[in-house]
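First the structure, in the form of structure tokens, and then the observations on it.
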Amino acid sequence: MNVLSLFSRAHPTHTVLFDIGSATVGVAIAKYHAGHPIEILFTHREFIKYTDGVDVAESLRVAVENAGNTAVTALGALGRHGVRTYSVQAIAHAPWIDSYSTRIESGLKTETTITRALLQKFMRDKLPQTQVANRIQCDYHVTKIELNGYHTMDPYQKKAQHVALTILQSTMAIKVHEALRTAYGNVFPNHEVHIDAFLFAITQLQDVVTQSNALSILDIGGEYTTLHVIQDGVAVASIGIDFGTEHVLRTLMDGTQLNRQAALSELGMYLANTCTPSQCRKIETALERADAEWVRVFGDACTTLHKTHRIPNTLHIVGNTRVTKWFTAILARMDFATFTTTGQPLEPSLVSLGAQHREVGFRGGAKADTVLALLALFVDK
């Protein structure tokens, strides 16, 4: 399905999109109009300033509010009179949000016509109400429906005597959830802001999930990375890694006078092989420590995950493309075949939408704003 096929409005519609990562909060303003490409009108990325003695949830709240206020200012400067009507959507990554799949199934007394109301009641009755201390369920999505043992994307008005649902549930620490609600309430008091989990959003992209029945997704954040295992479009396992793009940049800055932007530029030159031989040797030497650390922590994560799941060879990598190319290069040359489903090396590739906003497709259950928010992940990161 083309992302624009859902947009039937005759007039342009604006939405403010948030990307809540482990190191930064990104915000973008997008405009979409039936029959036209999606336009990204504004982007900004706010660093989360972690400070000793300050709760991380409070640091997140400040970053979200600062990013939101910047977007509100930008809305007022768009067009002749600014933009006054818009929606607000957010996508959150680990470690702020944790997502897992639950499968529920049951036989019906007789063959029954399947309706939305029936499935909703089935989910209310059968879905376990798991309470985790200091966490709150913030989102859930049905990701797979099976009738009489067969997967279907269109269950309604079909007859079945056995029903199974797979639901992706997402939870947050209560204090993080409250911090986000406070931030959005302060900046957008007249808007309902829905927060989707990154894992749900990324698995709605057809270009990602339809390439293979089994795949891995590596979500590389600034301070935290998550490896997800996906089987038939369903998340079956995830593991967190305390390493991200900022670790690489800090390694380059360590013991030098480089600032973050300069380190990013040097890394870009190195990855593009446009530095001088002496520059390349200097950067390569500086990166040796980060290289060894990434191999160690990724290997540890694979070892832990391997106790319950093998890792699919197809590995989609999401993150700051100016830095994630470094991660991809290491994964391509290291042999993690012991942990994969086929016993062959991983096949890493970057997920990059580039300028092809018109061609973004998604699976049946996704909302248009979810896909729009996902587009913003690839802008100004």
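The values are calculated or read from the model by the stated rules, or taken from the named source; none is laboratory data. It should be emphasised that the depicted structure is a prediction, and the values quoted were computed from it without experimental measurement. Positions of Cβ are generated from backbone atoms using ideal geometry, with glycine treated the same way; all protein chains shown enter the neighbour counts.
Suppose we keep only residues that are hydrophobic (A, V, I, L, M, F, W, C) and modelled with pLDDT of 85 or more within region 122-146. Which one would you say is nearest to the chain's Cα centre (by Cα)? Lay out the reasoning, then the answer.
So the first thing to find is which residues in region 122-146 are hydrophobic (A, V, I, L, M, F, W, C), and the list is 122-123, 127, 132-133, 136, 138, 142, 145.
Add one more test, that the residue is modelled with pLDDT of 85 or more, and what stays is 122-123, 127, 133, 136, 138, 142, 145.
Numbers: Phe122: 29, Met123: 25, Leu127: 25, Ala133: 25, Ile136: 19, Cys138: 15, Val142: 17, Ile145: 23 Å.
Checking each candidate, the answer is Cys138.
Filtering Thr130, Thr143, Thr166 for residues that are of a type in the set (S, T, N, Q), surrounded by fewer than 16 Cβ atoms within 10 Å (Cβ to Cβ) and on the phi < 0 side of the Ramachandran plot leaves a single hit, Thr130. Lys49 falls short on exactly one of the conditions (1) of a type in the set (D, E, K, R); (2) in a loop (DSSP other than H, G, I, E, B); (3) under 18 Å from the mean Cα position of the chain (by Cα), and that condition is (3).
When Arg80 is tested against the conditions (1) surrounded by fewer than 19 Cβ atoms within 10 Å (Cβ to Cβ); (2) assigned to a strand (DSSP E or B), the lone failure is (2). In summary, Asp254 fulfils each of the numbered conditions (1) in contact (Cβ under 8 Å) with a residue 24 or more places away in the chain; (2) closer than 23 Å to Thr226 by Cβ; (3) charged (D, E, K, R) with the single exception of condition (2). Leu258 meets the conditions (1) surrounded by 14 or more Cβ atoms within 10 Å (Cβ to Cβ); (2) within 27 Å of Gly299 (Cα to Cα) in every case but one. The failed one is (2).
Can you pull out the helices (runs of 4 or more DSSP H) entirely within region 248-353 that have at least 1 residues that are among the acidic types (Asp, Glu) and either under 27 Å from Ile202 (Cα atoms) or not assigned by TED's automatic domain parsing to the domain that holds Asn213 (or both)?
Working: elements: 260-272, 277-306, 321-333.
So the answer is 277-306.
Of the residues making up region 261-293, not one is buried (at least 16 other Cβ atoms within 10 Å of the Cβ), within 20 Å of Thr225 (Cα to Cα) and without any contact (Cβ under 8 Å) to a residue 24 or more places away in the chain.
Residues checked against (1) under 20 Å from Val351 (Cα atoms); (2) aromatic (Phe, Trp, Tyr); (3) at pLDDT below 90; (4) under 22 Å from the mean Cα position of the chain (by Cα):
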position	(1), (2), (3), (4)
Leu218	yes, no, no, yes
Gly222	yes, no, no, yes
Gln257	no, no, yes, no
Ser278	no, no, no, no
Ile283	no, no, no, no
